[in-house]
Amino acid sequence: MKYTELNDFPADFLWGASTSAYQVEGGWDADGKGKSVIDTRDHFPEGTTDYTVASDHYHHMESDVELFAQLGLKAYRFSIAWTRIQPDGTGEVNRAGVDFYHRLIDALNSRGIEPIVTMYHFDLPAALDEEGGWGNRATADAFVEYARILFREYGSKVKYWLTINEQNMMILHGEAVGNTGKSGATGKKGLYQQNHHMFLAQARAMTLCHEMLPEAKIGPAPNIVAIYAASSAPEDAIAADDWDAVRNLLYLDLAVRGTYHPLAWGYLVERNLQPEIADGDMEILAAGKPDFIAMNYYATQTVGASSGDASDLAARKGDQQIVRGEIGLYKAVKNPNLQTNAFGWEIDPVGCRTTLRRIWDRYRLPLIITENGIGAFEEPGEDGLIHDDYRIDYYRRHIEQLQLAITDGVDVMGYSPWSAIDLISTHSGAAKRYGFIHVNRTDSDLRDLKRTPKDSFGWYRKVIDSNGADLS
Ligand code: BGP
């Protein structure tokens, strides 16, 4: 629908920016931190750095937060490294690690920046991984114990909590996000058992949060994108619905309704991938209720009917955004209406509106975008600055669509793009940059790690100052 007038962004809209611990912090073994699966990972794409230093935010925290304040952020979404809090993932608490996040949260609050805390962003403690990781039900118990520590320590200072970042990508693209494969069987059946245990952990953490912190709000943070049918052929519509169920709705229905989405469950049974569900599990899942849905949105996906043979599979590697197809389920199709970024990810601002509308329509819970952004190769020009007009253009077009979604009646409570500052990409090392702030390092050379605002920094500041009214 086209409107003659658009609704304003709500006065308390959370204009944010995001990072995750392992991608930004460095200090991988500082002050008693234990190893996570990211630290024990031994496969990195050729030529890319590991995460030992990252952007060294651990040692630049105060000045980074000062820059975030200059950026005008109303919110900052970051993750807590479980292994700083509990080096072995269970038992002993590491006071120095706990204190680091106290200092970070205090620094944010003192500048009026709302902390949005992701409890777990891909970096499972290696000690738990050794014991079978998410394949082991005990990891769900460990997560709840860890959640209790976080709520006790930070509950009086943090209102917004995110449980697990992109659980759907950990299941669908575990390789890409650093799973070591030690967490139980790597076969799909094992992965769906891990998935089930993560849902139990999440539901129990949500219930615990509401018990311990009645004022706090908690929600899941999957990667959600609208799925388009490749054509008006009815069979393509079926394939789009099927993939939507397996990629998106499986994760949202369990988080919100505590039930397995019927199409997704049918898919699991048909392929003999269904997890074992113990007595009482469905009650635990039903009891855990989110207050909002956080979602990471990068681009829609387009799919067609399966041919039922290997021709369903595209000759490319899949990742969070690039679909390959799955024999008997759907065929991945390139959307001829969309351009791609330098890394082959499609760019679809209108799809952001579509995604928000669909999720609001289905769940009627407030929504917040906790990731959205454009990865790019960037080197400072002769003036020493990054002129990232493509990033400004990307954000402008997405924020326009957010406002349209709000005018459509969707309750969007915030927008927290990826990323606040340059950090190490999940796939492509230091060369794939997302930040409003440039960090002077490369994959092979740590240089001086100096921070320099990019052009998008001043632009986003203006957007925030005008509460989304000035996108020029
Ligand atoms: C999401 C992850 C982030 C981040 C982002 C960009 O899936 O939650 O951690 O990495 O994708 O992905 P990449 O770094 O692979 O470009």
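The values are calculated or read from the model by the stated rules, or taken from the named source; none is laboratory data. It should be emphasised that the depicted structure is a prediction, and the values quoted were computed from it without experimental measurement. Cβ placement follows ideal geometry from the backbone for every residue including glycine, while neighbour counts extend to all protein chains displayed.
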> With (1) assigned to a loop (DSSP other than H, G, I, E, B); (2) touching a helix residue (DSSP H, G or I) at 6+ places or on another chain (Cβ under 6 Å) as the list, and Gly47 as the residue in question, which single condition is left unmet?
Replying inline: (2)
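Residue under question is Ala420, and the condition is that it be within 16 Å of the ligand (Cβ to nearest atom) and within 20 Å of the chain's Cα centre (by Cα); does it hold?
Details: within 16 Å of the ligand (Cβ to nearest atom): yes; within 20 Å of the chain's Cα centre (by Cα): yes.
For Ala420, the condition - within 16 Å of the ligand (Cβ to nearest atom) and within 20 Å of the chain's Cα centre (by Cα) - is met.
Quick one: in segment 310-323, which of the residues that are among the charged types (D, E, K, R) and surrounded by fewer than 17 Cβ atoms within 10 Å (Cβ to Cβ) is farthest from the ligand (Cβ to nearest atom)?
If we filter segment 310-323 for residues that are among the charged types (D, E, K, R), which is where we start, we get 312, 316-317, 319.
Those left that are additionally surrounded by fewer than 17 Cβ atoms within 10 Å (Cβ to Cβ): 316-317.
Details: Arg316: 15, Lys317: 12 Å.
Applying the filter and picking the extreme gives Arg316.
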> Looking at Asp291, is it within 16 Å of the ligand (Cβ to nearest atom) and acidic (Asp, Glu)?
Replying inline: no
> Mind checking whether some residue in segment 334-352 is more than 30 Å from Pro453 (Cβ to Cβ) and either within 14 Å of the ligand (Cβ to nearest atom) or polar (S, T, N, Q) (or both)?
Replying inline: yes
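Filter segment 206-233 down to the residues that are part of a helix (DSSP H, G or I) and over 18 Å from the mean Cα position of the chain (by Cα), then identify the one that is nearest to Met119 (Cα to Cα).
Applying the filter and picking the extreme gives Cys209.
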>> Looking at segment 253-276 only, could you name the residues that are more than 21 Å from Gly135 (Cβ to Cβ) and either charged (D, E, K, R) or in contact with a Phe, Trp or Tyr (Cβ under 7 Å, 6 or more places away or on another chain) (or both)?
In response: Asp253, Val256, Arg257, Glu270
>> Looking for something surrounded by fewer than 21 Cβ atoms within 10 Å (Cβ to Cβ) and modelled with pLDDT under 95 - is there at least one such residue anywhere in segment 397-417?
In response: no
> Among the candidates Glu371, Glu379, Glu326, which residue alone is under 23 Å from the mean Cα position of the chain (by Cα) and of a type in the set (Asp, Glu)?
Replying inline: Glu371
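Step by step: first the residues of segment 359-368, then only those that are within 19 Å of the chain's Cα centre (by Cα) and assigned to a helix (DSSP H, G or I), then the one that is farthest from the ligand (Cβ to nearest atom). Which residue is that?
Our first condition is that a residue be within 19 Å of the chain's Cα centre (by Cα); within segment 359-368, this holds for 359-360, 365-368.
Next, from what is left, pick out any that are assigned to a helix (DSSP H, G or I): 359-360.
On the way: Ile359: 17, Trp360: 22 Å.
That would be Trp360.
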>> Cβ contacts < 9 Å: first residue assigned to a strand (DSSP E or B), restricted to segment 283-305; second residue within 14 Å of the ligand (Cβ to nearest atom) and among the aromatic types (Phe, Trp, Tyr), any location; separation 6+ or different chain. Result?
In response: Asn296/Trp418
> Among the residues of segment 350-358, is any buried (at least 19 other Cβ atoms within 10 Å of the Cβ), touching a strand residue (DSSP E or B) at 6+ places or on another chain (Cβ under 9 Å), in contact (Cβ under 8 Å) with a residue 24 or more places away in the chain and outside any helix (DSSP H, G or I)?
Replying inline: no
> Does at least one position in segment 424-432 carry a residue that is in contact with a Lys or Arg (Cβ under 9 Å, 6 or more places away or on another chain) and more than 16 Å from the ligand (Cβ to nearest atom)?
Replying inline: no
> Scanning for something buried (at least 24 other Cβ atoms within 10 Å of the Cβ) and of a type in the set (A, V, I, L, M), does segment 257-269 turn up at least one residue?
Replying inline: no
